[in-house]
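The values are calculated or read from the model by the stated rules, or taken from the named source; none is laboratory data. What you see is a predicted model, and the numbers here were worked out from it, not measured in a lab. Here the Cβ is made from the backbone with ideal geometry for all residues, glycine too, and neighbour counts use every protein chain on show. Accessible surface areas use protein heavy atoms only, side chains included; no ligands, DNA or RNA. Shrake-Rupley method; radii C 1.70, N 1.55, O 1.52, S 1.80 Å.
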Amino acid sequence: RSGKRKAPYFVDHVRSELEALVGTAQLYKGGLSIYTTLSWRLQQEAEAAVEEGLDALATRMVARGQQDLTPQGALVALDVVSGGIRAMVGGRHYGGSSFNRAVAAQRQPGSAFKPLVFAYALEHGFAQSDILLDAPVAYAQGKGGEEWRPENFGRGYQGEMSLRYALAESANIPAVRLMEAVGPASVVSFAHRMGITAQLHADLALALGASEVNLLELTAAYAVFPNRGEAVTPHAILEIQDSRGAPLSRAHPQRRVVMSRAGAAIMTDMLQAVVQEGTGRPAAHLGSKVGGKTGTTSDYRDALFLGFSPGIAAGVWVGADDFSSLGRGETGSRAALPIWAEFMQAHLEAAPLAYFDRPVDVVKRHIDPF
């Protein structure tokens, strides 16, 4: 899958971290022992899942007459608690392109950005049972009198719905209304605290993922939810030793509490609902051990699925390097989620039994899902 080199995209990422930690002179002088966060078992599973998913997509594209377009993909998996990178795939074939799409590519996340909007709302007085309106709305843009009229994926409207249902079904208009209620600038600040370093545009379209981000940072933001509201900087290196075995550097990832423990638990529950009740249903066979969110951008240029188990957060992106359309119907649920589900199933089969956190002050109650 990746030629003779093992985990080549990850190795390149390690090299960039090493240059920052010890400098190029010491790095290439030799004699260093590098201990990394990679799980070779999970890396192999990630490579297999990406290859299988992209092969299936390419077959569908050929059937639609898109023979000249080669789909690309990326997958990154993080240890929820430590922030260590457990697997990284940056493209279809390293020999064909060494560009690491898991780290270096800046792409629109589509609806995969919505959980950050909903999480901020939960932290500022909203409940997942609160009601949002799914009905036509228009917003003035600029001085020319132009209007922006957001639309749902299915172009229809369902009226009133709960925050939980709106996120599960990825309804666009309720998400935009929620963004209007909490304020785009506040969500931008919150996203940056969650670990997003990209420049985000503080406008209502951000609710629909209109600003570009990279997959590694967005996956790290999702890891906050199962990690009790704590953000941890992703890293690939555990320890660096010199030629005599003396430690030169050890991992001390930055940690910061960015959400309340209760808010993180409720957000985790809402993202479990996406898988069990909403657009993530193709992964429902994984049960209550996972939560996540689909993402699809305009004209099917990008397909994403990001999610987590109690121990691992993983993100998958599928698209074309030249931003061409993958083809009608190639949503996050169809093009990216199968890759994610195959990888997560392999992880869960060998993972120790674990449960999502639920603090004592968070009580589970059945509500009308709508």
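Could you tell me whether the stretch 91-158 comes out rounded, prolate or oblate from its Cα gyration tensor? Rule is a ≥ b ≥ c as square roots of the eigenvalues, rounded for a/c under 1.5, then prolate if a/b exceeds b/c, otherwise oblate.
Prolate, since a/c reaches 1.5 and a/b exceeds b/c.
If I model a spin label as a point 7 Å beyond the Cα along the Cα-Cβ vector, how far apart are those points for Arg155 and Ala181 in nm?
So the two model labels end up 2.9 nm from each other.
Tell me, how many Å apart are the Cα centres for the stretch 12-89 and for the stretch 125-171?
Spelled out, the Cα-based centre of one part sits 36 Å from the other.
Which whole number of Å³ per residue matches the convex hull of the alpha-carbon atoms in the chain?
Cα convex hull per residue, to the nearest whole number: 152 Å³.
What is the packing order of peptides 37-43, 205-211, taking the mean over residues of other C-beta atoms within 10 Å and listing the highest first?
Taking the mean over residues of other Cβ atoms within 10 Å, the ranking is 205-211, 37-43.
Determine the gain in length on full extension of the stretch Leu21-Arg41; use 0.36 nm per residue of separation and subtract their C-alpha separation, reporting nm with one decimal.
In short, 4.5 nm is gained.
Do you know the relative contact order of the stretch 43-152, to the nearest whole percent, from alpha carbon pairs under 8 angstrom that are 6+ apart?
Dividing the mean separation by the residue count of the stretch 43-152 yields 16 percent.
When ligands, DNA and RNA are left out and all protein chains stay put, how many square angstrom of accessible area per residue does the stretch 240-315 have with a 1.4 Å probe?
Ligands and nucleic acids excluded, the figure is 38 Å² per residue.
If you take every residue apart from Gly311 with its C-beta less than 11 Å away from the C-beta of Gly311, what net charge results, scoring Lys and Arg +1 and Asp and Glu -1?
Residues near Gly311 contribute +1 overall.
How much mean residue ellipticity at 222 nm does the chain get from its helices, if each DSSP H run of length 4 or more adds -39500 (n - 2.57) and you divide by all residues, to the nearest 500 deg cm²/dmol?
So the calculated ellipticity at 222 nm is -10000 deg cm²/dmol.
Choose one answer from Gly144, Gly95, Gly263: the residue with the largest mean-square fluctuation in a GNM of the chain with alpha-carbon springs under 10 Å.
Judging by the Gaussian network model, the answer is Gly144.
Calculate how steeply helix 337-350 sits against the longest principal axis of the alpha-carbon atoms of the chain, using the helix alpha-carbon long axis, and give the answer as 0 to 90 degrees to the nearest 10.
Helix 337-350 sits roughly 60 degrees off the main axis of the chain.
Using only the heavy atoms of the protein chains and a 1.4 Å probe, how would Thr233, Thr70 rank by accessible area, largest first?
Result, largest first: Thr70, Thr233.
Calculate, in nm to one decimal, what Ala198 and Arg365 gain on full extension: separation in residues at 0.36 nm each, minus their alpha carbon distance.
Full-extension gain reported as 56.4 nm.
Determine how large the accessible area of Ile237 is when every protein chain is in place; take a 1.4 Å probe and give Å² rounded to the nearest 10.
Per-residue accessible area (Ile237): approximately 10 Å².
Pull out a ≥ b ≥ c, the square roots of the eigenvalues of the alpha-carbon gyration tensor of the stretch 37-126, then state rounded if a/c is under 1.5, prolate if not and a/b is larger than b/c, and oblate in the remaining case.
Cα axes put the stretch 37-126 in the oblate bin.
I want to check the label-to-label distance for Glu277 and Arg250. Put each point 7 Å from Cα in the C-beta direction and report it in nm to one decimal.
So the two model labels end up 4.5 nm from each other.
If you only keep lysine pairs separated by 8 or more in sequence, or across chains, how many in the chain come under 29 Å at the Cα atoms?
Qualifying lysine pairs in the chain: 8.
Would you work out the relative contact order for the chain, in percent, from Cα pairs under 8 angstrom that are 6 or more residues apart?
Normalised by residue count, the contact order of the chain is 21 percent.
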